[in-house]
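Student: So that we are looking at the same thing, I have put the structure below in structure tokens.
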Amino acid sequence: MSDLRLPGADITTDALLRRTCEVATDYLGVVRERRVGAEATYAAILDALGAPLSDAPEDPLGIIERLAANADPGLVATAGPRYFGFVTGGVLPAALAADWLTSTWDQNAFSFVVSPAAAALEEVVRRWLAELLGLAPDVTLGIVSGGTMANFTCLAAGRHAALERAGWNVEAQGLFGAPALTVVTSDESHASLFAALQMLGLGSARVTRIPTDAQGRMRPDLLRTALQGINTPLLVCAQAGNVNTGAFDPLPEIAAIVHNAGGWLHVDGAFGAWASASPRLRHLTAGLELADSVSVDGHKWLNVPYDCGFAFTRHPAAHRAAMWVDAPYYVPAPDAVRDNHHFVPEASRRARGFAVYAALRSLGRQGVADLVDRCCMLAQRMAERLSSDPRVRLLNDVVLNQVLIRTEPAAGDPDAATAALIRRVQEEGTCWLGGTTWHGMHAMRIAICNWSTTEHDVELAADAIIRCLPA
Ligand SMILES: *Cc1c(COP(=O)(O)O)cnc(C)c1O
């Protein structure tokens with residue numbers, strides 16, 4: 001072990017980072033073509049990388065070489081064009097490059113004092129995102145680790161505002177003895193929304209769930225009925241983009257009902273909110289600007305690296321109150337300068353604004369619209385190709401980037417046949433997609449939200465899926 005110098009601009013660090021850059025670009029060079037699913041088992045990865053921690057330091061270059069070689073079989077090509085599982089974006093080159101710099105600069109995005117650049121950049125992207133998503137120009141933004149924490153942050157702000165109206169300070173007093181708060185979700189709200197409610201002490205099971213229609217949209221008539229006679233503080237959670245069908249809750253109607261009842265409306269727009277950026281699809285998110293809070297993912301459709309989510313609210317005081325932390329050494333920035341920590345649950349954190357900045361600038365307003373439109377067009381193409389086979393049944397109206405299919409063989413159980421189909425497709429490796437259960441049916445869910453997916457990728461994937469169908 002010849003080199004114990006700490007990282008710095010010395011020759012060893014230089015060689016290490018140049019070689020790492022090669023390893024990274026080699027990976028990107030093959031990610032389009034490599035098998036999409038991982039090959040290694042859990043045990044094999046543990047075996048390859050799980051030797052006991054050595055007493056002595058190790059050479060950094062050797063560590064990186066062995067890490068890259070041994071992790072490789074356990075990598076999933078989510079950065080490539082044919083990963084359609086969950087709702088998973090890729091990584092735009094500019095965002096990746098900015099993310100490398102983010103780690104290099106090692107800025108603490110806590111406050112203006114610790115990193116003026118990180119603070120200012122989050123304000124810059126706040127303005128751009130508000131414009132692209134059709135939100136008010138003065139909407140507040142916390143850049144958090146993803147959609148789950150965006151839901152958490154928004155609902156914390158909503159919890160504050162709803163209880164404040166009833167004369168209760170939830171941050172100071174907690175929920176013990178608090179006025180009852182009515183929490184309403186859709187029957188098909190995303191699992192992370194219930195996780196957020198559970199972390200906020202609002203309970204995931206004590207909510208009123210409003211039934212949905214045949215596409216998974218919250219039924220406003222049933223919401224109206226459910227709210228009749230309710231005079232407690234109220235928090236209602238709707239969604240823009242059902243995680244299975246891509247369908248949008250009718251937000252203008254829902255907003256009118258919720259605001260009429262004096263409630264706070266939160267909209268989970270993790271991926272669906274991006275429809276606002278497309279002139280062709282903007283009608284789908286009508287009413288999003290009426291929401292009191294909106295959560296959106298950055299690492300899904302915007303194609304920035306993990307971890308990135310956006311928590312927006314129209315209520316600066318509630319947003320700040322919900323996230324407020326004070327300590328004698330938290331020296332505030334001068335007036336009118338943004339301190340990021342007022343808007344997020346974390347103190348020290350990654351400077352997430354740089355990658356968002358680079359992604360948005362590299363696409364431009366037109367590029368964001370094109371990205372969204374292209375993915376939706378490819379989802380249409382996928383749905384057409386698959387449903388032209390009589391063994392495939394398309395379950396949803398493909399209004400966005402989500403395609404929900406299943407196979408219903410002439411004989412036998414369609415749920416089991418669909419599960420077997422999903423397994424075969426995953427093993428075959430041309431593409432990767434997962435399963436879900438929707439309206440009592442097992443289904444295969446295809447989400448297209450990677451900037452690098454082409455029509456050819458959709459053809460390759462559709463052909464592979466068709467080859468895997470039961471005879
Ligand atoms: C993915 C998703 C979430 C959770 O976001 P994470 O970034 O995975 O935490 C929430 N809501 C919807 C609709 C989603 O698709």
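Student: Here is a list: G229, G246. Which entry is away from the ligand (no atom under 16 Å from the Cβ) and at positive phi? Talk me through it step by step, then tell me what you get.
Tutor: On the way: G246 fails: away from the ligand (no atom under 16 Å from the Cβ).
Of the residues listed, the single one that is away from the ligand (no atom under 16 Å from the Cβ) and at positive phi is G229.
Student: Right, something else. Any residue in segment 224-241 that's touching a residue at least 12 places away in the same chain (Cβ under 8 Å) and open to solvent by 10 Å² or more (accessible area, probe 1.4 Å): show its pairings with residues that are assigned to a helix (DSSP H, G or I) and of a type in the set (A, V, I, L, M) at Cβ separation under 8 Å, as long as the two are six or more apart or on different chains.
Tutor: Hits for this filter: R224/I257; L227/I257; L227/V258; P233/A162; P233/L163.
Student: Which condition number does H319 fail, the rest of (1) in contact with a strand residue (DSSP E or B) (Cβ under 7 Å, 6 or more places away or on another chain); (2) modelled with pLDDT under 95 being met?
Tutor: (2)
Student: Starting from residues that are of a type in the set (D, E) and free of Cβ contacts under 8 Å to residues at least 24 places away in the same chain, keep the ones in segment 34-70 and report whichever is most open to solvent (accessible area, probe 1.4 Å). Can you show your working first?
Tutor: Taking segment 34-70 and keeping what is of a type in the set (D, E), we get 39, 47, 55, 58-59, 65.
Okay, now just the ones that are also free of Cβ contacts under 8 Å to residues at least 24 places away in the same chain, so 47, 55.
Values: D47: 129, D55: 166 Å².
Residue satisfying both the conditions and the ranking: D55.
Student: Let me ask something else about it. Looking only at segment 61-68, decide whether some residue is in contact with a helix residue (DSSP H, G or I) (Cβ under 7 Å, 6 or more places away or on another chain), small (G, A, S) and under 27 Å from S452 (Cα atoms).
Tutor: yes
Student: Quick test for you: out of V356, V399, pick the one residue that is touching a residue at least 60 places away in the same chain (Cβ under 8 Å), open to solvent by less than 60 Å² (accessible area, probe 1.4 Å), within 30 Å of S145 (Cβ to Cβ) and in contact with a helix residue (DSSP H, G or I) (Cβ under 6 Å, 6 or more places away or on another chain). Spell out how you get there, then give the answer.
Tutor: Numbers: V399 fails: in contact with a helix residue (DSSP H, G or I) (Cβ under 6 Å, 6 or more places away or on another chain).
The unique qualifying residue is V356.
Student: Looking at (1) touching a residue at least 40 places away in the same chain (Cβ under 8 Å); (2) closer than 27 Å to R126 by Cβ; (3) of a type outside the set (S, T, Y); (4) more than 15 Å from the ligand (Cβ to nearest atom), which is the one condition that is false for G142?
Tutor: Evaluating G142 over (1) touching a residue at least 40 places away in the same chain (Cβ under 8 Å); (2) closer than 27 Å to R126 by Cβ; (3) of a type outside the set (S, T, Y); (4) more than 15 Å from the ligand (Cβ to nearest atom) leaves (4) as the failure.
Student: Residues in segment 99-111: is at least one in contact with a helix residue (DSSP H, G or I) (Cβ under 9 Å, 6 or more places away or on another chain), modelled with pLDDT under 95 and of a type in the set (A, V, I, L, M)?
Tutor: The answer is no, given that none of the residues of segment 99-111 is in contact with a helix residue (DSSP H, G or I) (Cβ under 9 Å, 6 or more places away or on another chain), modelled with pLDDT under 95 and of a type in the set (A, V, I, L, M).
Student: When the residues of segment 424-451 are filtered to those that are of a type outside the set (A, V, I, L, M, F, W, C) and surrounded by 23 or more Cβ atoms within 10 Å (Cβ to Cβ), which remaining residue is nearest to the chain's Cα centre (by Cα)? Don't jump to the end; show me each part of the working.
Tutor: Taking segment 424-451 as the starting set, the residues that turn out to be of a type outside the set (A, V, I, L, M, F, W, C) are 424, 426-430, 434-437, 439-440, 442, 445, 450.
Filter once more, so that each one left must be surrounded by 23 or more Cβ atoms within 10 Å (Cβ to Cβ): 445, 450.
Numbers: R445: 16, N450: 13 Å.
Per the stated criteria, the residue is N450.
Student: Sort out which residues of segment 452-471 are of a type in the set (D, E, K, R) and surrounded by 15 or more Cβ atoms within 10 Å (Cβ to Cβ), and write them in order of number. Lay out the reasoning, then the answer.
Tutor: Looking only at segment 452-471, we keep the residues that are of a type in the set (D, E, K, R), and these are 455, 457, 459, 463, 467.
Answer for segment 452-471, where residues must be of a type in the set (D, E, K, R) and surrounded by 15 or more Cβ atoms within 10 Å (Cβ to Cβ): just D457.
Student: Quick one: count up the residues across segment 71-102 that are open to solvent by 20 Å² or more (accessible area, probe 1.4 Å) and assigned to a helix (DSSP H, G or I).
Tutor: 11
Student: Assess whether A191 counts as being more than 16 Å from the ligand (Cβ to nearest atom), open to solvent by 60 Å² or more (accessible area, probe 1.4 Å), under 25 Å from M441 (Cα atoms) and without any contact (Cβ under 8 Å) to a residue 24 or more places away in the chain.
Tutor: Numbers: more than 16 Å from the ligand (Cβ to nearest atom): no; open to solvent by 60 Å² or more (accessible area, probe 1.4 Å): yes; under 25 Å from M441 (Cα atoms): yes; without any contact (Cβ under 8 Å) to a residue 24 or more places away in the chain: yes.
Criteria not met by A191.
Student: A further question follows. How many of the residues in segment 249-272 are more than 10 Å from the ligand (Cβ to nearest atom), crowded, with 24+ Cβ neighbours inside 10 Å and part of a loop (DSSP other than H, G, I, E, B)?
Tutor: The total comes to 2.
The values are calculated or read from the model by the stated rules, or taken from the named source; none is laboratory data. All of these numbers come straight from a predicted model, not from anything done at the bench. Note that each Cβ is placed from the backbone with ideal geometry, even for glycine, and that neighbours are counted across all protein chains shown. Keep in mind that these areas ignore ligands, DNA and RNA; they rest on the heavy atoms of the full protein, side chains included. Shrake-Rupley method; radii C 1.70, N 1.55, O 1.52, S 1.80 Å.
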